[in-house]
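What follows is a single structure, written as structure tokens, with notes after it.
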Amino acid sequence: QVQLVESGGGLVQAGDSLKLSCAVSGRAISSALMGWFRRAPGKEREFVAGILWAFGITSYADSAKGRFTISRDNPNNTVDLQMNSLKPEDTAVYYCAAGRPPLSRRSAAYDYWGQGTQVIVSS
């Protein structure tokens with residue numbers, strides 16, 4: 001079993017930065033696939049970024065490339081999403097997810113999900 005708890009969401013203005021953090025606990029996290037997804041109002045959940053915990057290999061959605069960075073903090077067992085140059089269209093509930101390799105953008109590849117943290121970007 002894996003437990004995921006997100007934090008760091010909030011209300012910011014366009015152009016601001018925000019860092020989301022996902023506290024990870026449970027078994028075998030060192031071999032896990034970790035990801036961040038988001039669901040905007042009225043839209044389907046979509047992949048944002050993913051990372052293979054063991055190797056640090058990452059993948060990003062086109063909307064996140066160049067602005068967002070996913071990383072893992074081994075000593076603290078967290079997976080972070082640094083978001084820069086935020087836009088109103090980044091407004092969504094952001095979810096942390098855990099699964100098994102290989103690196104994937106499909107939500108079906110992730111077995112465990114956090115409760116989500118709200119990000120609102122005002123224009």
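The values are calculated or read from the model by the stated rules, or taken from the named source; none is laboratory data. As the structure is a computational prediction, the values presented were derived from the model and not from experiment. Note that we place each Cβ from the backbone using ideal geometry, even for glycine, and neighbour counts take in every protein chain shown. Surface areas here come from the heavy atoms of the whole protein model, side chains and all, with no ligands, DNA or RNA. Shrake-Rupley method; radii C 1.70, N 1.55, O 1.52, S 1.80 Å.
Conditions tested, residue by residue: (1) in contact (Cβ under 8 Å) with a residue 40 or more places away in the chain; (2) within 11 Å of the chain's Cα centre (by Cα).
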site: Leu52; (1), (2): yes, no
site: Phe68; (1), (2): no, yes
site: Met83; (1), (2): yes, yes
site: Tyr94; (1), (2): yes, yes
### Query
Just to be sure, is Ser59 of a type in the set (S, T, N, Q), within 19 Å of Gly8 (Cβ to Cβ) and either modelled with pLDDT of 95 or more or open to solvent by less than 10 Å² (accessible area, probe 1.4 Å) (or both)?
no
### Residues of the stretch 66-118 classified as within 13 Å of Arg38 (Cα to Cα) and either among the basic types (Lys, Arg) or at pLDDT below 95 (or both), total
2
### Query
From the residues in the stretch 66-116 that are part of a helix (DSSP H, G or I) and open to solvent by less than 30 Å² (accessible area, probe 1.4 Å), which one is nearest to Trp53 (Cα to Cα)?
Ala109
